[in-house]
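Each reported figure results from applying straightforward, stated rules to the coordinates on display, with no laboratory input. It should be emphasised that the depicted structure is a prediction, and the values quoted were computed from it without experimental measurement. Neighbour counts run over all protein chains shown; Cβ positions are idealised from the backbone, glycine included.
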Amino acid sequence: MRKYLIVIMSLIVVTAFSPQKGYCGILNNAPYDEDTTITKIYEKMAPAIVLIEADLKDGLSSGTGCIIDPSGIILTSSHVVDDAPSVQVTISTGEVFKGKTISVMGKDNDLALVKISAKKVLPTIELGDSEKVKVGQRVLAIGNPFGFSGTLTTGIVSRIDYAKKKIQTDAAINPGNSGGPIINIHGEVIGISQSIYNPDNNISNIGIGFAVPINEAKNFIKLSMSNSKLISNSKN
């Protein structure tokens with residue numbers, strides 16, 4: 001009887017301390033590898049991220065956008081394109097298109113939709129659920145900081161400001177990241193980069209960045225697309 005108990009206890013100990021499988025393990029039955037996971041997410045998402053340049057009254061505005069519809073509808077920050085007479089969009093292949101702003105949300109949530117006519121099916125991002133976001137979760141940011149297209153940074157969710165409806169992250173966000181995606185470890189967009197905070201008038205990042213929760217963006221997209229005039233414009 002004692003031998004059987006020893007064998008059973010040994011099996012329990014071995015099972016308790018065996019490596020657990022994560023996201024990658026589910027995909028390919030291999031142990032979780034964070035580097036591989038992040039690389040795969042970037043390769044999946046990057047083709048749907050664009051560079052946006054707009055001529056504003058006070059100069060050239062540069063930001064990032066996420067393709068949300070294969071017809072060429074792009075989600076970005078309203079402060080990147082608002083009131084711009086000219087908008088230029090460069091997709092991941094290097095092709096450049098004239099953009100048209102079709103919907104803008106107020107400054108509080110700082111969102112806009114831009115349409116391009118690429119005459120081909122475009123890759124799109126996958127929208128997640130920001131209600132499930134928790135402090136401490138790993139996140140990725142993709143954008144065009146200072147014009148360096150397709151830059152990836154990583155960090156965690158540092159804080160959730162429920163009153164102001166903002167997700168705070170320490171993933172590096174700099175000028176040019178606005179409108180770009182904040183992505184969870186499952187490859188889903190959970191926020192849209194909006195702003196940074198630091199003592200030098202927001203010139204550079206010190207680890208305090210803010211994003212609009214993606215559920216706010218989904219509501220904005222739904223409301224915009226329910227407007228028949230915008231739907232008509234988006235097809236031109």
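Some points to look at:
- Applying 0.36 nm per residue to the separation of Arg159 and Lys134 and subtracting their alpha-carbon distance, the gain on full extension is 8.2 nm.
- Remark on Gly99: its backbone amide H falls under 5 Å from those of Val87, Gln88, Val89, a criterion applied only to residues 5 or more positions apart or on other chains, H modelled at 1.01 Å from N.
- Each residue of segment 81-86 is assigned a 3J(HN,Hα), and the resulting list reads 10, 4, 6, 7, x, 9 Hz, derived from the Karplus form 6.51 cos²θ - 1.76 cosθ + 1.60 (θ = phi - 60°), x at Gly and Pro.
- Each of Lys115, Lys222, Lys40 was scored by other Cβ atoms within 10 Å of its Cβ. Arranged with the fewest first, they read Lys222, Lys40, Lys115.
- Neighbour-count ranking [beta-carbon atoms within 10 angstrom, fewest first] of Glu43, Glu126: Glu43, Glu126
- Placing pseudo-labels 7 Å out from each Cα toward the beta carbon at Lys57 and Asp83 gives an inter-label distance of 0.3 nm.
- The slack between Ser71 and Tyr197, meaning 0.36 nm per residue of separation minus the straight C-alpha distance, is 41.9 nm.
- Backbone amide hydrogens, once placed in the peptide plane, bring Ile156 within less than 5 Å of Val139, Asp170, Ala171, excluding anything fewer than 5 places away on its chain.
- Residues whose amide H comes within less than 5 Å of that of Ser178, counting only those at least five positions distant or on another chain, are Thr64 (H built at 1.01 Å from N in the peptide plane).
- Using Cβ point charges alone (K and R +1, D and E -1), the dipole size of segment 130-218 about the Cα centre works out to roughly 220 debye.
- Cβ crowding within 10 Å ranks Ile196, Ile73 as Ile196, Ile73, fewest other Cβ atoms first.
- Flagged links, alpha-carbon separation over 27 Å, of Lys40/Lys98; Lys44/Lys166; Lys40/Lys165; Lys120/Lys166: Lys40/Lys98; Lys40/Lys165; Lys120/Lys166
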